[in-house]
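Input: a single structure, listed below in structure tokens.
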Amino acid sequence: ASASASASASASASASASASASASASASATATATATEQHPTPSSHPHILTPSPHIPHIRDIIFHIRNKEKRRRELRRLPRRIILIRHGESQGNADATTYSHTPDHQVRLTDKGIDQAKGAGRELRKLIGDSMVRFFVSPYMRSYQTFKYIVEGAEIAPNRYTMREEPRLREQDWGNFQDPAKVKQYMQARRAFGSFFYRFPEGESGADVYDRVTDFWSSLHREFKFYGCLDNFVLVSHGITLRVFLMRYLKWTVEEYHKLWNFDNCSLVVMELAGNGQYRLVTPLKQDRST
């Protein structure tokens with residue numbers, strides 16, 4: 001009787017545990033169903049769409065808008081044009097022996113060079129109208145004279161332009177007083193060696209000019225910030241220096257540089273701002289087709 005009672009109690013306990021487990025499982029299923037109803041998932045409710053990974057986040061959109069506006073402000077500060085002008089005809093252009101008795105930086109314009117500079121001023125006025133101008137001028141006498149006569153020819157009012165003397169735009173240094181016979185020898189060696197890399201005794205190579213023009217470009221970008229919103233920056237300099245300036249900005253190769261001829265005295269070479277913030281050359285240049 002005792003054993004029968006014990007077995008009956010054990011069966012009763014087992015049935016009670018089974019019922020408890022069943023009740024627990026039922027409660028868990030009910031809780032899961034309730035949670036699913038409160039927080040539906042795409043699998044349980046097909047009409048709910050998940051965000052596409054290709055749709056930009058709102059923060060990305062705001063960042064893009066701000067960057068675009070910043071770019072617009074930067075573009076508004078860039079000059080509309082960068083204009084390169086080689087000096088007018090100099091005494092050295094007319095007579096190469098001038099350099100044997102007159103320091104290069106003191107060589108002046110001829111009468112023809114003065115007329116060329118005034119004519120360049122009139123051409124400049126046609127191009128820019130009454131808009132503001134900032135000049136960067138080589139400290140050599142022939143360049144400074146060219147600047148002065150350009151302003152006179154263009155009839156630019158004093159409050160419509162500013163000028164900065166810029167030594168980095170000086171002529172390539174060919175040495176001090178230049179003996180004509182030696183210069184002739186140097187020029188032959190230069191043609192054989194390559195004009196960009198040949199360094200004149202006591203002077204510079206084209207590569208040396210490239211280095212200082214590169215440094216000038218860095219300063220020019222800072223000028224955009226302080227003198228931004230001006231339409232025109234004008235560089236009055238020398239043939240080799242201005243060619244190297246274009247080479248530096250337009251990323252020409254040395255071979256492409258060698259093909260390019262010097263600009264005519266007082267000709268205007270114009271670079272215009274494009275929509276992408278880069279400058280494009282709009283003036284055709286003379287090239288040596290034989291090289």
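Bridgeable aspartates and glutamates around K112 (alpha carbons under 17 Å apart, same-chain partners fewer than 8 residues away excluded): E89, D95, E123, E152, D264. Of the peptides 118-128, 193-203, the order by per-residue mean of other Cβ atoms within 10 Å, starting with the highest, comes out as 118-128, 193-203. Measuring against 25 Å, Cα to Cα, the residue pairs K225/K251; K118/K286; K251/K286; K184/K259; K148/K182 contain K148/K182 as the ones spanning a longer distance. Here segment 146-228 exposes an accessible surface that is 52 percent carbon and sulfur, computed with a 1.4 Å probe and the other protein chains kept in place.
Looking at segment 107-222, the accessible area is 51 square angstrom per residue; that uses a 1.4 Å probe and ignores ligands, DNA and RNA. The dipole here belongs to segment 174-291: it is taken about the Cα centre, uses +1 on the Cβ of Lys and Arg and -1 on the Cβ of Asp and Glu, and is about 260 debye. Charges were assigned to the Cβ only: +1 to each Lys and Arg, -1 to each Asp and Glu. The resulting dipole of segment 111-249 about its Cα centre is roughly 240 debye. For segment 119-161, a crude dipole built from +1 on the beta carbon of Lys and Arg and -1 on the beta carbon of Asp and Glu, taken about the Cα centre, is about 80 debye to the nearest 20.
The values are calculated or read from the model by the stated rules, or taken from the named source; none is laboratory data. The shown structure was predicted, so the numbers you read here are calculated from the model rather than taken from an experiment. Counting neighbours? That spans all protein chains shown, and the Cβs are built from the backbone with ideal geometry, glycine included. Side chains are part of the model used for accessible areas, which takes the heavy atoms of the whole protein and leaves out ligands, DNA and RNA. Shrake-Rupley method; radii C 1.70, N 1.55, O 1.52, S 1.80 Å.
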